[in-house]
Amino acid sequence: RATAAGARTMLGAMSLLILVVAIRSWTQLGFTTFMPFYWKDVLHGDPRLVGTLLAVFLGAGAIGTLAVGPLADRLGARRCVVGVFVLATPIALGFLFVSGGPLVFVMLALLGFVLVSTFTMSVVLGQAYLPRNPGLASGLIVGFAIGAGGLGATALGWVADHWGLTSALAISASMPIAGFVAALFLPDPRTGDLG
């Protein structure tokens, strides 16, 4: 508590982090929402495997959170968030070029592994940006993740209705590019520097 009392509140950094979380949520909820329909209607996959696909995607995210956590402790949460967005874009876009089969599961597992792991790191960063209010920081991250993800899924649903599932998933897969650019401007919570 003594350390938190003397730490600096970084409201601008927190606002930018909320934007980064919103972008990540658009990607994650876009895939969670529309990938089952894409699997059935575009890839003509077995509808009985939809639950398995979602379990692979979200389960790999849980594993990614556990695996990336120690890495974030060594390298810093900010660097890991930036790095995850670099990896997420080619994996997400690569999913759209897979024609079916086991490779769909592999691509979804990789995407879940890198994408979902940013959520926990975002909470850690938020608490570092608002050291005197860690509960508020956690609530902002979780709240905006769910709320922005829901708004994003709604917008992507409109795109899917007008231009098809592939277009909606292509937008969702491209969102990590914006997340990467925004994350580059997140300051290090200890120094306030970028990098």
- Query: Condition test on residue 110, is it farther than 30 Å from residue 45 by Cβ and of a type outside the set (Gly, Ala, Ser)?
  - Reply: no
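Of everything in region 135-151, what is open to solvent by less than 20 Å² (accessible area, probe 1.4 Å) and at pLDDT below 90? Give them in sequence order. Please lay out each step first, then the result.
First, the residues of region 135-151 that are open to solvent by less than 20 Å² (accessible area, probe 1.4 Å): 137, 141, 145, 148-149.
Scanning region 135-151 gives 145, 148, 149.
Out of region 152-184, which residues are among the aromatic types (Phe, Trp, Tyr) and either open to solvent by less than 70 Å² (accessible area, probe 1.4 Å) or modelled with pLDDT under 95 (or both)? Outline the logic, then answer.
Going through region 152-184, the residues among the aromatic types (Phe, Trp, Tyr) turn out to be 158, 163, 180.
180 - this is the single residue of region 152-184 that is among the aromatic types (Phe, Trp, Tyr) and either open to solvent by less than 70 Å² (accessible area, probe 1.4 Å) or modelled with pLDDT under 95 (or both).
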- Would you check which residues across region 100-113 are at pLDDT 90 or above and either at positive phi or β-branched (Val, Ile, Thr) (or both) and list them? 104, 106
- residue 97 fails exactly one of the following numbered conditions: (1) outside any helix (DSSP H, G or I); (2) buried (at least 16 other Cβ atoms within 10 Å of the Cβ). What is the number of that condition? (2)
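Looking for something within 20 Å of residue 80 (Cα to Cα) and outside any helix (DSSP H, G or I) - is there at least one such residue anywhere in region 120-130?
Narrowing region 120-130 to residues within 20 Å of residue 80 (Cα to Cα): 120-130.
With the extra rule that they be outside any helix (DSSP H, G or I), the set shrinks to 130.
The answer is yes; a qualifying residue exists.
The values are calculated or read from the model by the stated rules, or taken from the named source; none is laboratory data. The model shown is predicted, which means the values in this text are computed figures rather than measured ones. Quick reminder, even Gly has a Cβ in these numbers, built from the backbone with ideal geometry, and neighbours come from all protein chains shown. Surface accessibility is based on the protein's heavy atoms, side chains included, excluding ligands, DNA and RNA. Shrake-Rupley method; radii C 1.70, N 1.55, O 1.52, S 1.80 Å.
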